[in-house]
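Notes to accompany the following structure.
Every number in this text was worked out from the coordinates using simple rules, so none of it is lab data. All of these numbers come straight from a predicted model, not from anything done at the bench. Positions of Cβ are backbone-derived with ideal geometry, glycine not excepted, and every protein chain shown enters the neighbour counts.
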Amino acid sequence: MTMQSRSLQLVDTFSIDSLVFNEVAVFEPGPSQVLVRIHAVSLNYRDLMVIRGHYNPHVQKPLTLCSDCAGEVVAVGREVTQWKQGDRVVANFFPEWQDGPLTSAAAASALGEAQQGVLTEYRTFPAHALVHLAENLSFAEGSCLPCAGVTAWNSLVSLGQAGSESTVLLLGTGGVSILGLQIAKLLGAHVIITSSSEKKLQKARELGANATVNYRAEPEWDRHVRALTGKQGASHILEVGGAGTLPLSLRSAARSGFIALIGVLSGVEQPMNVLPILMNGLRMQGVYVGSVRMLQELADAFSSAGIAPVMDHVFPFAQAQDALRYMASGDHFGKIVIEVVPSIATSV
């Protein structure tokens with residue numbers, strides 16, 4: 001069986017305007033593979049970096065974009081027993097990272113850069129790369145989990161071991177931070193979140209944020225974080241800003257605090273004073289998404305709690321480039337989703 005799958009691809013110039021919709025051949029799944037009809041794809045800042053050539057200027061083209069999707073199984077290989085036609089699934093960011101620490105082989109399986117991505121109508125996956133999507137989460141909501149959601153889960157749960165006694169500091173109101181807010185509240189943690197927008201900070205408070213900081217009004221926001229915590233600092237920090245915000249995060253951290261290094265929105269290089277790390281016994285860990293096991297844990301936790309990822313806007317497939325431009329604007333709160341199959345046709 002061979003079919004054509006419409007895909008949005010990076011073909012030539014590194015630019016949103018240069019992206020092209022192409023028909024790509026999709027073959028019958030191999031013995032241990034699953035063919036998935038993709039219903040929804042969510043965007044991450046990483047996708048913009050890939051498109052602009054900032055993530056890997058030597059990426060192999062043509063490249064089908066994006067890493068995060070949810071859909072339904074349409075065919076399985078002869079050795080596959082855990083999936084059947086009609087199952088609702090989410091694919092992991094790293095198809096080959098099952099559990100345990102990240103390996104070089106697992107890292108080489110990253111979707112939407114090292115491997116072909118998911119912004120397409122049909123795609124085959126290894127059977128072990130998929131997790132079950134519960135009926136109380138839509139395909140669009142499920143597509144928000146693999147990168148941003150698992151990154152936040154890994155930072156706060158798998159590595160951070162946050163709990164009800166924790167104070168979590170979140171930078172900005174993008175996908176990782178808002179999913180981090182939802183996860184932190186599930187854990188019973190106290191949450192502080194930053195933004196330059198009072199409107200976004202109000203939305204964060206409505207989601208359960210205990211305190212907010214406008215970093216435009218208070219450029220030295222570390223002082224405000226320490227004041228909000230009785231000069232103790234935050235026990236857990238999801239550092240999505242990068243080089244430009246890391247010095248402030250270091251000064252915001254509690255003794256023996258944990259800083260998850262996640263993003264590079266403000267750059268990757270800057271002279272840094274390492275004394276706070278030494279004197280306060282801080283633990284810093286680079287967090288590069290997570291495993292299939294973490295994805296299933298997150299999906300189960302959200303389903304059981306009856307909560308869903310916060311989606312700012314859902315774009316139709318034909319307007320995928322507009323969705324990317326909207327992400328580039330930075331105006332979003334939470335996740336941006338591209339619906340490959342209209343939801344009216346996928347309601348359950």
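The table below gives the values:
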| quantity | calculated |
| --- | --- |
| At 1.567 mPa s and 4 °C, Stokes D of the range 231-348 from Kirkwood alpha-carbon radius, µm² per second | 75 |
| Fewest-first sequence of 84, 200, 185 by Cβ atoms within 10 Å of each Cβ | 84, 185, 200 |
| Neighbour-count order for 132, 224, fewest beta carbons within 10 angstrom listed first | 132, 224 |
| Under 17 Å from residue 335, Cα to Cα: aspartates and glutamates that are on another chain or at least 8 residues apart | 47, 68, 141, 206, 312, 322 |
| q = 0.13, 0.15 Å⁻¹, the chain: log10 I(q)/I(0) [Debye, one scatterer per Cα] | -0.97, -1.26 |
| Where only C-alpha atoms are counted, convex hull volume of the range 160-286 per residue in Å³ | 93 |
